[in-house]
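Inspection log for the structure reproduced underneath, given as structure tokens.
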Amino acid sequence: MVLSELITNAVRHARVPGRHIETRYLHQGDKVRIEVHDAADQLPKLRTPTPESVHGRGLVLVETLTDQWGVTPRATVGKAVWAVFALPAGERASLSDGERREGQS
């Protein structure tokens with residue numbers, strides 16, 4: 001859901017003709033970071049939508065579902081909007097003990 005929201009924001013608000021939107025996934029110890037890169041300099045804004053609002057809830061969901069999120073300017077053009085998910089403490093211990101998780105070989 002978070003990746004979908006970040007990509008939707010990039011397509012709706014940061015699309016630059018002739019430029020691509022890129023996603024990256026980074027494993028960082030007991031965390032996973034997802035990134036959506038675009039070529040626009042406009043920064044996303046966390047809003048407080050009214051109950052009647054049709055739009056403006058995407059970053060509220062991102063804020064609620066992730067451990068951390070933010071924006072990093074790119075060296076050349078545009079930005080990366082990222083979100084970090086930390087593995088719950090109880091699951092960290094079982095993975096460090098070598099427990100095989102569903103979907104792992």
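Full extension of the chain between LEU61 and VAL32 gives 8.7 nm of extra length, using 0.36 nm per residue less the Cα-Cα distance.
Could you line up VAL84, VAL11 from fewest to most neighbouring Cβ atoms inside 10 Å?
VAL11, VAL84
The stretch between THR50 and HIS20 holds 7.5 nm of extra length on full extension. This uses 0.36 nm per residue minus the Cα-Cα distance. Residue order for THR66, THR72, THR50, fewest other beta carbons within 10 angstrom first, comes to THR50, THR72, THR66. Treating r as the C-beta distance of LEU43 and ALA86 and R0 as 22 Å, the FRET efficiency rounds to 0.35.
Listed from fewest to most Cβ neighbours within 10 Å, the set VAL62, VAL71, VAL54 follows the order VAL54, VAL71, VAL62. The per residue volume of the convex hull around the alpha-carbon atoms of the stretch 2-96 is 104 Å³. Karplus-based coupling profile of the stretch 61-67, in residue order and whole Hz: 5, 4, 4, 6, 8, 10, 7, with θ = phi - 60° in 6.51 cos²θ - 1.76 cosθ + 1.60 and x standing for Gly or Pro.
Quick note: the coordinates plus some simple rules give every number you see, no bench work behind them. Keep in mind that what you see is a predicted model, and the values were worked out from it rather than measured. Every residue, glycine as well, gets a Cβ built from its backbone with ideal geometry; the counts of neighbours run over all protein chains shown.
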